[in-house]
Amino acid sequence: MFVGEASPARCETISISVNCQLSTIVSSCELFTTLRSDEALQRNRWEQDMISRREMVAMSIVAGMWGRAAPAIAAPPAKIEWFDDRMAIYFARDAVVEHLGAGLKWAEGPTWDSRRNCLYFSDIPANILYRWDESEGIKPWRNPAGSGRAAAGVMPGTNGLCYRAEDDMLLVCDQDSRSIIAYSLSDWVGQPVVRDADRPFNSPNDLVRGRDGALYFTDPPYGLIENDASPAKVRKMNGVYRRNSDGSISLIDGELTFPNGIGISPNGQYLYVTVSDPAAPRLVRYRLEGGAVAARDDRWFDMRQFQRDGSPGMPDGMAIAEDGTLFVAAPGGVAIIGADGVALGRIVTGAPTGNCCIAENAHALFITANDSLWRVRLRERA
């Protein structure tokens, strides 16, 4: 039995009714076939690669723009799987998985703005930043999202986001410049906080802040159109890094094949990184001392257990509650994993799932999954 695997006898599945409909699912995806420009052809190549990488089996195609009606079919019911009684800390038995919207291409990087009570997230292939709030729902917010002037072989757009409340800044993993940019939300003036002009990073992908102000981030090749084979790839490794308070960059790990999502425990003792390697999808845990790695558990949690039922996708982004419980994008949804490495349950979206974040004063979990945005109310503050 893998670390974190639940006994089948303890697995209770609770089906949850979803109060809306998804857009028509088109299983044979031929995206952007009428586009003519070289940039559009590059975009198509990147998207097809992304489909393969994330094991997407379907994409939703919306007729026209947001707000225009598209043919709809009933959404398959979302469900919450319970493997452990500790799920009751966060979820009521009758918890509802709310479907907040569809029609995106690949939703990623959600972060909560506690000043404005809104959510920001990336649609990577569309190169759009979206905003959601309770009154207006999902609205395009920054278009284009990327900083511009992406070099040949680089896919324009943004990925992971992190709101910094103390100075009202949004930290953005910017694929165009292969950097992390801090934008002021008052005037959208940005300054790079992670950038290397001499040896460009591959494509900063996801990020998390430690309580000491350090910034940890992953740097896989996913923003490069040909991934590891891209001529634009300068660094041999796909690294995990730390930006120190003086602005210097330290390498945490240069041995992972496809580092992706990243999170840190509330006490700063453990750093977690998902590896989206089809041969070994897993969660790696590092024990930190003074910001440096003191120990590494390369297979702290094996994600293959969530693939056995045919669920699509790979491990991806994550959020971590104050008690150390992890909410991790996993095959088919979001896995809930105790700080002891035991699988407590899973929120099943039925689709490749990119990321999640704890929000609304720690009483809600927002999930970006394929073309959709979801929300689940949390029972206790996370």
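If you average the C-alpha positions of segment 327-382 and of segment 116-171 separately, how far apart do those two centres end up, in angstrom?
20 Å
Probe radius 1.4 Å, ligands and nucleic acids left out: which of V154, V189, V342 has the largest accessible area, and how do the rest follow?
V189, V342, V154
Can you tell me which lysines have their Cα less than 29 Å from the Cα of K139? Leave out same-chain residues fewer than eight positions away.
Qualifying lysines at Cα under 29 Å: K79, K105.
Taking only protein heavy atoms into account and a 1.4 Å probe, give the accessible area per residue of segment 288-341 in Å². Don't skip to the end; give the middle numbers.
Working: 1710 Å² over 54 residues.
For segment 288-341, the per-residue accessible area is 32 Å².
Taking θ = phi - 60°, what integer Hz values does the Karplus form 6.51 cos²θ - 1.76 cosθ + 1.60 yield along segment 119-130, in sequence order, with x for Gly and Pro?
Per residue, the Karplus-derived 3J(HN,Hα) values read 10, 10, 7, 9, 10, 5, x, 7, 6, 10, 9, 10 Hz.
Please report the equivalent ellipsoid semi-axes of segment 183-248, computed as sqrt(5 x eigenvalue) of the Cα gyration tensor, largest first, in whole Å.
Values: eigenvalues 108, 45, 25 Å².
Value: 23, 15, 11 Å, ordered largest first.
How large is log10 I(q)/I(0) at q = 0.16, 0.31 Å⁻¹ when the Debye formula is applied to the Cα atoms of segment 296-339, each weighted equally and without solvent?
Result of the Debye calculation: -0.42, -1.15.
Ratio of Rg to Rh for segment 263-382, alpha carbon only, Kirkwood?
0.96
With +1 on each Lys and Arg Cβ and -1 on each Asp and Glu Cβ, and nothing else charged, work out how big the dipole of segment 128-221 is about its Cα centre, in Debye to the nearest 20. Could the numbers behind the result be given before it?
Working: 10 positive and 14 negative charges, 54 e Å.
Rounded to the nearest 20 debye, it is 260 debye.
Would you please report the Å³ per residue occupied by the convex hull of the alpha carbon atoms in segment 159-277?
Details: hull volume 12.3 nm³, N = 119.
That works out to 104 Å³ per residue.
Would you mind working out the magnitude of the charge dipole of segment 100-180 relative to its Cα centre, with +1 at each Lys and Arg C-beta and -1 at each Asp and Glu C-beta, to the nearest 20 Debye? If you can, show how the numbers build up before the last one.
Working: 9 positive and 11 negative charges, 51 e Å.
Dipole of segment 100-180, to the nearest 20 debye: 240 debye.
Indicate the gyration tensor shape class of segment 312-367 (rounded, prolate or oblate), computed on the Cα atoms with a ≥ b ≥ c the square roots of the eigenvalues: a/c under 1.5 is rounded; otherwise a/b larger than b/c is prolate and the rest oblate.
Details: a/c = 2.08, a/b = 1.26, b/c = 1.66.
Oblate.
Per q in 0.13, 0.26, 0.27 Å⁻¹, report the Debye log10 I(q)/I(0) for segment 137-182, using one uniform scatterer on each alpha carbon and no solvent.
Summing over Cα pairs of segment 137-182 leads to -0.32, -0.95, -0.99.
Using a Debye calculation, one point per C-alpha and no hydration shell, please list log10 I(q)/I(0) for segment 203-341 at q = 0.16, 0.19, 0.20 Å⁻¹ in order.
With no solvent term, the Cα-only Debye profile gives -0.80, -1.11, -1.22.
Can you list the equivalent-ellipsoid semi-axes of segment 72-212, largest first and in whole Å, using the square root of 5 times each Cα gyration tensor eigenvalue? Intermediate results must be reported in sequence, preceding the final value.
On the way: eigenvalues 184, 69, 53 Å².
Equivalent ellipsoid of segment 72-212: 30, 19, 16 Å, largest first.
Run the dipole for segment 240-376 about the Cα centre, Lys and Arg Cβ at +1, Asp and Glu Cβ at -1, nothing else charged, and hand back the magnitude in debye, nearest 20. Intermediate results must be reported in sequence, preceding the final value.
Values: 11 positive and 15 negative charges, 29 e Å.
Dipole size: approximately 140 debye.
Can you give the FRET efficiency for D133 and D298, using 1/(1 + (r/R0)^6), R0 = 56 Å, r = Cβ-Cβ distance, to the nearest 0.05? Mind showing how you got there, number by number?
Details: r = 40 Å, r/R0 = 0.72.
Result of the calculation: an efficiency of 0.90.
Projecting each Cα onto the charge dipole of segment 142-276 (Lys/Arg +1, Asp/Glu -1 at the beta carbon, about the Cα centre), which of A229, P200, N267 comes out farthest on the positive side?
Positive-most Cα among the choices belongs to A229.
Using alpha-carbon pairs under 8 Å, 6+ residues apart, how would you state the relative contact order of segment 112-160 in percent? Intermediate values should be presented prior to the final figure.
Values: 83 pairs, mean separation 16.3, N = 49.
With pairs under 8 Å counted, the relative contact order is 33 percent.
The values are calculated or read from the model by the stated rules, or taken from the named source; none is laboratory data. Keep in mind the model is a prediction, meaning the values are calculated, not measured. FYI the Cβ positions are ideal-geometry reconstructions off the backbone, even for glycines, and counts take in every protein chain you see. Side chains are part of the model used for accessible areas, which takes the heavy atoms of the whole protein and leaves out ligands, DNA and RNA. Shrake-Rupley method; radii C 1.70, N 1.55, O 1.52, S 1.80 Å.
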